[in-house]
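Below is one structure, written out as structure tokens; comments come after it.
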């Protein structure tokens, strides 16, 4: 849900980079999202969340990126920036 929150609170025209440690989420967004959408979200784990992500991405004008990091690579500075 943090991805949905970041997408929904960031102004639609602003660039957004979301940093996360979930490879499942990254792969779902970059590799599977449109395919799942085309197939009616059948048998998709966390389909409701991915549907919200798809909606938010479709309504954004600014560039949007998702970056994966190992959980152990998260620094206090990164956490501080994520809260802004």
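No value in this document is a laboratory result; all are computed from the given coordinates. Just so you know, these numbers come straight off a predicted model, no measurement behind them. Counting neighbours? That spans all protein chains shown, and the Cβs are built from the backbone with ideal geometry, glycine included.
For the reader, a short list of remarks on this structure follows.
- Looking across segment 25-53 at every residue that is touching a helix residue (DSSP H, G or I) at 6+ places or on another chain (Cβ under 7 Å) and in a loop (DSSP other than H, G, I, E, B), the one that is nearest to residue 70 (Cα to Cα) is identified as 44.
- Hits in segment 1-24 - residues which are more than 15 Å from residue 60 (Cβ to Cβ), in contact (Cβ under 8 Å) with a residue 24 or more places away in the chain and not in a strand (DSSP E or B): 1, 21, 22, 23
- Restricting attention to segment 29-53, the residues being over 15 Å from the mean Cα position of the chain (by Cα) and closer than 20 Å to residue 19 by Cβ number 0.
- Restricting attention to segment 29-56 and to residues that are surrounded by 14 or more Cβ atoms within 10 Å (Cβ to Cβ) and in contact (Cβ under 8 Å) with a residue 24 or more places away in the chain, the residue that is farthest from residue 1 (Cα to Cα) turns out to be 33.
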